[in-house]
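These notes concern the structure reproduced below.
The values are calculated or read from the model by the stated rules, or taken from the named source; none is laboratory data. On a predicted model such as this, the values are computed, not experimentally measured, just so you know. For neighbour counting, all protein chains shown are included, and Cβ atoms are generated from backbone atoms with ideal geometry for every residue, glycine included.
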Amino acid sequence: MSRPQTAPPPATDADRPGSGQVPGEPGIWLVVIADLVVFAVLFGMFLNYRAEQPALWAASQAKLTAGFGFANTVILLTSSLAVVAAVNATRLGRTVDAGRAFAAAMGCGLVFVALKAVEWTLKARDGVVPDTNDFFAQYYVFTGLHLLHVLVGLTALLFARRIARAGAHGPHDQGLVQSAAIFWHLVDLLWLLLFPIVYFVH
Amino acid sequence: MTSLVPRSVQVVWATLVAITAVSWWTNADSGLDRRVAGAAILAFAFAKTWLVAIHFMDLRAAPAGLRRTVEAILACSCAGLIGWFLLA
Amino acid sequence: MEGETGRAAHLRDVDISRRIQVTCAWCGVGFVVLLFGGWGLIGGFIPMLPPDGSPERIAELYSEHADLRRFGLILGMIGVFLTVPFFFAISMQMRRAEERRVPMLAMLQFASGLLVTVVLMIPMLLFLGASYRPERTPELTQLVNELSYLMLILPWPPIIGQLLALSIATLADRSPRPVFPRWSAYFNLWVAVLLTPASMIVFFQSGPFAWAGLLGFWIPAAVFGAWYPVMTWLLLRAIGEESRAAAAAATEVPAR
């Protein structure tokens, strides 16, 4: 089984050739690929329902507060930036920086969860619940499934932070830290699809 | 701390935020045809995921096979969903 | 002479142990075939009886091909039992990864697995109960049908117990020849996440999240169904490795 790299490559913008090591453990890419396929199927299903009830879709989307989605996009992107910093710090053996960067990323993740809770609560207070119509059923389920990914990702970051702060010695530890980071980027990536599709496409 | 983030990744982050902001504001009162707007939203969303995959997930330094597989899945999903959106 | 016989006996034990485990590993595939083939196709429960169907409609569906349904359900019931040897084979291999510690994770996997067996066995019996007398008051048949589908599809927490135990044991296995390959830990975690949407079937009676829907049934069922053959394959590899190592040890070290 191939192992991730041990030699600390420069954190600068070196144009590394495309024949390098697999980032993280190979297994995490199985998760990325499988999740991308599943979400593509789910988005296809969403667009299919939209085609059947375009007016309902447009009217329901108008009730969503896109500001929440936009804020959460920026928050997740920023957390991804922090995770990139954390992985590079781990590679370079800068354990304190790595711990701080992971903490910053997790902080962003918690803000995401909090904003999602506020958004859902406000919608529910306006009487918009999963039972309201087909659109809102999918809105709650899709954002809920993504939120589940966020929670799994936060757990992964928590473990990665512990490993990084302990020094992340050897390819085994480096691989685990990088795999957690890749999963967090996947959470970010899925939101970049989910937000525009659910909030805007009608 | 910023020294730990490659310059290219910083640029990608700013680009992603900019695309998201612009597509949000233009969507609010765009005079575009619904079908054009929908297809454009999907295309921009997938372009953003490609940036994340290449620069955040570090696929640019990965073996070409892995990189092409992920790119192919993103491209197929994008084409499939846009086609589905326009035809359905 | 005495030494030779002892060695031969040891080798025979190694081989018997391997064959028993291999049989148990194949039970995973047997379960999937008998559940989806017996309960699903022969019993006619896939495609699902409509969750929003009227009581009369459900009772009518139960009275059609009633004997075929009962036969398929009995096959499903047999299949569900096969999960017991299968889960035990998984735990016996996990134990090898936990050689130097209390085999908590192997125990957790098997205990959670037994719960999975129970919540699969009971709906088979409930489905049989529903199909026993389809001419009864339709509302009763509908109730039993609903209980059966919910119990069959919904209870993912014990499955998560199995999958988490297995993933943690695999990720913590730092031996140069791990019992299960590391990618399988990620696969298990992914399966765990995708089973949870089955929770939605209690909230919806129609659409993609109900028990006849894409996210309520098909995606969880597909990953659940894929997990068993994948684990059978990984088990066969691990069992082969174990028995080769044991046979080599038996021939190298003199018995007694």
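Of all residues in the range A:52-87, count the ones that are at pLDDT below 95 and of a type in the set (S, T, N, Q).
4
Which residues, counting only those in the range C:199-226, are without any contact (Cβ under 8 Å) to a residue 40 or more places away in the chain and either within 22 Å of residue C:90 (Cβ to Cβ) or not small (Gly, Ala, Ser) (or both)?
C:200, C:203, C:208, C:209, C:214, C:215, C:218, C:219, C:222, C:223, C:226 - these are the residues of the range C:199-226 that are without any contact (Cβ under 8 Å) to a residue 40 or more places away in the chain and either within 22 Å of residue C:90 (Cβ to Cβ) or not small (Gly, Ala, Ser) (or both).
If residue C:226 meets every condition in (1) more than 9 Å from chain A (Cβ to nearest Cβ); (2) surrounded by fewer than 21 Cβ atoms within 10 Å (Cβ to Cβ); (3) under 20 Å from residue C:49 (Cβ atoms) apart from one, which number is that one?
Tallying (1) more than 9 Å from chain A (Cβ to nearest Cβ); (2) surrounded by fewer than 21 Cβ atoms within 10 Å (Cβ to Cβ); (3) under 20 Å from residue C:49 (Cβ atoms), residue C:226 fails exactly one: (3).
Scan the range A:27-69 for residues that are within 7 Å of another protein chain (Cβ to nearest Cβ), closer than 30 Å to residue A:125 by Cβ and in contact with a Ser or Thr (Cβ under 9 Å, 6 or more places away or on another chain) and jot them down.
Matches in the range A:27-69: A:43 only.
Matching residues to (1) of a type in the set (D, E, K, R); (2) farther than 29 Å from residue C:243 by Cβ:
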position	(1), (2)
C:13	yes, no
C:25	no, no
C:28	no, no
C:49	no, yes
C:55	no, yes
C:63	no, yes
C:77	no, yes
C:92	no, no
C:99	yes, no
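If only one of A:180, A:105 is in contact with a helix residue (DSSP H, G or I) (Cβ under 7 Å, 6 or more places away or on another chain), under 28 Å from residue C:199 (Cα atoms) and at pLDDT 95 or above, which one is it? Walk me through it before giving the result.
Numbers: A:105 fails: under 28 Å from residue C:199 (Cα atoms).
The match here is A:180.
Within the range C:184-197, does at least one residue satisfy the condition of being farther than 30 Å from residue A:46 by Cβ and either away from chain A (no Cβ under 14 Å) or assigned to a helix (DSSP H, G or I) (or both)?
The answer is yes; a qualifying residue exists.
For (1) more than 14 Å from chain B (Cβ to nearest Cβ); (2) closer than 26 Å to residue A:31 by Cα; (3) in contact with an Asp or Glu (Cβ under 6 Å, 6 or more places away or on another chain); (4) in a helix (DSSP H, G or I), each residue gets a yes or a no:
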residue	(1), (2), (3), (4)
A:84	no, yes, no, yes
A:102	no, yes, no, yes
A:122	yes, no, no, yes
A:154	yes, yes, no, yes
A:174	no, yes, no, yes
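Within the range C:106-144, track down each residue that is in a helix (DSSP H, G or I) and either at pLDDT below 95 or over 22 Å from residue C:156 (Cα atoms) (or both).
C:128, C:129, C:130, C:131, C:132, C:138, C:139, C:140, C:141, C:142
Which count do you get for residues in the range A:59-98 that are more than 16 Å from the chain's Cα centre (by Cα), surrounded by fewer than 22 Cβ atoms within 10 Å (Cβ to Cβ) and under 12 Å from residue B:5 (Cβ atoms)?
Here the count works out to 1.
Of all residues being in a loop (DSSP other than H, G, I, E, B) and among the small types (Gly, Ala, Ser) in the range C:150-183, which is farthest from residue C:106 (Cα to Cα)? Just the residue, please.
So, considering only residues that are in a loop (DSSP other than H, G, I, E, B) and among the small types (Gly, Ala, Ser), the one farthest from residue C:106 (Cα to Cα) is C:175.
Name, by its number, the condition in (1) at pLDDT 95 or above; (2) in contact with an Asp or Glu (Cβ under 7 Å, 6 or more places away or on another chain) that does not hold for residue C:30.
Against the list (1) at pLDDT 95 or above; (2) in contact with an Asp or Glu (Cβ under 7 Å, 6 or more places away or on another chain), residue C:30 comes up short only on (2).
Given (1) buried (at least 24 other Cβ atoms within 10 Å of the Cβ); (2) under 15 Å from the mean Cα position of the chain (by Cα), where does residue A:101 come up short, assuming only one miss?
Failing condition for residue A:101: (2).
Name, by its number, the condition in (1) within 14 Å of chain C (Cβ to nearest Cβ); (2) within 15 Å of the chain's Cα centre (by Cα) that does not hold for residue A:131.
Only one criterion in (1) within 14 Å of chain C (Cβ to nearest Cβ); (2) within 15 Å of the chain's Cα centre (by Cα) is unmet by residue A:131, namely (2).
If I ask for residues that are surrounded by 14 or more Cβ atoms within 10 Å (Cβ to Cβ) and hydroxyl-bearing (Ser, Thr, Tyr), which ones from the range A:104-135 would you list?
Across the range A:104-135, the qualifying residue is only A:132.
Output yes when any residue across the range A:19-26 is within 14 Å of chain C (Cβ to nearest Cβ), surrounded by 15 or more Cβ atoms within 10 Å (Cβ to Cβ), assigned to a helix (DSSP H, G or I) and modelled with pLDDT of 90 or more, and no when none is.
Among the residues of the range A:19-26, at least one is within 14 Å of chain C (Cβ to nearest Cβ), surrounded by 15 or more Cβ atoms within 10 Å (Cβ to Cβ), assigned to a helix (DSSP H, G or I) and modelled with pLDDT of 90 or more, which makes the answer yes.
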